[in-house]
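A.B. asks: Quick one: the structure is below, questions incoming.
Readers should treat all values here as calculations from the given coordinates under stated rules, not as data from a laboratory. Note that the structure is predicted; figures quoted are calculated from it, not measured. Please note: Cβ atoms are built from the backbone with ideal geometry, for glycine as well, and neighbour counts cover all protein chains shown.
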Amino acid sequence: MIAATAPDQRATGARLLVVDEDGRISHHARTAFLDFVRGGDLVIANDAATLPASLFGIHDPTGRAIEVRLAGARFALARRRGAFHGRGVRLRRFPDTYRAASASTADGSRRLTPARTAQRDRDARACASAADRTSLSSTVAGIWEGLARHGRPIQYAYVREPLAIWNTWTRIAGPPVAFEPPSAGFILRLGCHSINPLARCGVRDRHPCRRDFVNRRRATSTHCCRSMSRTKLQPATAALIESTKRNDGRVIAIGTTVVRAVEHAASFDGTVRSGRGIATAAHRLQYATSCRRCDSVRDSRAGHQSL
Amino acid sequence: MTGTDLSGLRVAITGGTSGLGLALVRELRDRGAHVAFVARNHDDVERVANEAPGARGIVGDVSRKEDIHPIAIQVLGALGGLDVLVNNASSLGPVPLVPLADTECEDLELALATNLLGPFRLTKALLGSLAASARAGRHPQVINISSDAAITAYPNWGAYSASKAALHHLSRIWHDGARRRKAFESLSIDPGDMDTPLHALAVPDADRSTLKRPETAAREIAAVIAA
């Protein structure tokens, strides 16, 4: 595989790699995705919008530049509580009110440990250690404003051009809760010849997008689950999956996050359970995994690789 | 939500610090809606946020592409989702109004950026959240504030009129596509000639007593939202 080098997630010439159940490989236009979806299938997509989670600042002890990448559940907690604290990092372009009090968490606020501190230059490497803590103190509104005004999308090293925030939002992007772009979601379009993520989910037979589907595909639904390795599968999604399986439909999970979430939710006994979980590599394919024939559909320009 | 009670409704309003936008902020907030409003001037945003506790002010310029996603992020951060987007911010173009032949290209560009591209970009950025609102059965709406100048070609109103005509048409196209998929409702609303700073700029010698109060228009729009 060749790493993607351009931030354009919506290239009109993007292709689909399709592997059928006999192992035959064919290439198609990305917009042909729906041609491979059958009536009764269920499409599950990630509707998380991407946060500008890359912040540039000054490492107080050394005075050197640092990039801090927000990640993890503690940040999510902090966003709700209005502050997250730590020590040692001033965010360069944040107003003074956002600067860290260099020390402490004496007020009992939550700490955020940057999951990954930038290591793209010597200055940053010099600062990177387990002891570094990021600190933003403000109201909830202030933190949102600071992120919106001063944050950047996390830049993949293999993408040459700077990522703009609009490069990272899929057409179905909803709540800004993802730290990295849910890239496979770019396969979904809102036109009438593609899946309709705007439709309501629920009882499949009432699915309003049914009449929009080319070739009268029935009852294909989209639903959402979020976050990175921490996942939350909605009860409605779990119910739709079970219903689809009972009716011999296929469950089509789009993207790594969604695949992991569904795998994890079904990892106990094969029945998909709703709720929160942590999808790890332990839930991925492994030696003990029994093999089954399946079709595979992949957007060859989405995600982290191009073919 | 019954009658004109808008409790729990999540609404974003652009151009929310004066005229109709400000009246909408007050009206919808008083009816129980969770309101986020957007305007360019920091001091004005702060003033209105202080006047209307609970309403979240966001500094941003919808005519700037770079501001759209930061606005969207803050709206969603403040409201936790979105049910109604009111694209109200408007630019007259050249002031005082001049014939089209005397309109600078840059003035036309600004009017189009504010009155057409901005609403389009912001709607697109928030489409996923409106979709989530639809999935939750909350009947999302996008309301584009229009004008009779969108229909009637008044002399000297070239930049404003052309941009509002385009916005009106855009609303209809959004509506047809989105309604077919039961996704969201797109409305183009002409509130009438109001006693607002924008109108005063366009028609400085107008008899203000003959103009509709923006509060009246805000009540009418709130009724449309609640219907």
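A.B. asks: Skipping prolines and chain starts, which residues have an amide H placed within reach, meaning under 5 Å, of the one on B:Ser188, given they are 5 or more residues away or on another chain?
C.D. replies: Correct list: B:Asn144.
A.B. asks: So what is the calculated 222 nm ellipticity per residue for chain B, using -39500 (n - 2.57) for each DSSP H run with n of 4 or more, over all residues, to the nearest 500 deg cm²/dmol?
C.D. replies: -14500 deg cm²/dmol
A.B. asks: So what are the ³J(HN,Hα) numbers for the stretch B:15-31, from phi and the Karplus equation (6.51, -1.76, 1.60; θ = phi - 60°), rounded to whole Hz, Gly and Pro as x?
C.D. replies: These are the phi-based 3J(HN,Hα) values: x, x, 10, 7, x, 5, x, 5, 4, 5, 4, 5, 4, 6, 5, 5, 8 Hz.
A.B. asks: Of B:Arg40, B:Arg172, how do they rank once you tally other Cβ atoms within 10 Å and put the fewest first?
C.D. replies: Starting with the residue having the fewest Cβ neighbours, the order is B:Arg172, B:Arg40.
A.B. asks: Name the residue, out of B:Gly77, B:Gly16, B:Gly60, whose mean-square fluctuation peaks in a Gaussian network model built on chain B with Cα pairs under 10 Å.
C.D. replies: Fluctuation is largest for B:Gly77.
A.B. asks: Just want the ordering: A:Lys245, B:Lys164, from fewest to most Cβ atoms lying within 10 Å of their own Cβ.
C.D. replies: If I rank by nearby Cβ atoms, fewest first, I get A:Lys245, B:Lys164.
A.B. asks: Hey, with R₀ at 51 Å, roughly what FRET efficiency would A:His27 and B:Leu211 work out to, going by the Cβ-Cβ distance, to 0.05?
C.D. replies: 0.25
A.B. asks: Oh, and also: Sort B:Val62, B:Val75, A:Val251 by Cβ crowding within 10 Å, fewest neighbours at the top.
C.D. replies: A:Val251, B:Val62, B:Val75
A.B. asks: Further question: Among B:Ala39, B:Ala134, B:Ala206, which one moves the most in a GNM of chain B with springs linking Cα atoms closer than 10 Å?
C.D. replies: B:Ala206
A.B. asks: Based on alpha-carbon centroids, what's the gap between the stretch B:36-51 and the stretch B:80-106 in Å, whole number please?
C.D. replies: Result: 19 Å between the Cα centres.
A.B. asks: Take peptide B:63-70, look around each residue's Cβ out to 10 angstrom, count Cβ atoms belonging to other protein chains, and average those counts.
C.D. replies: Rounded to a whole number, the mean comes out at 4.
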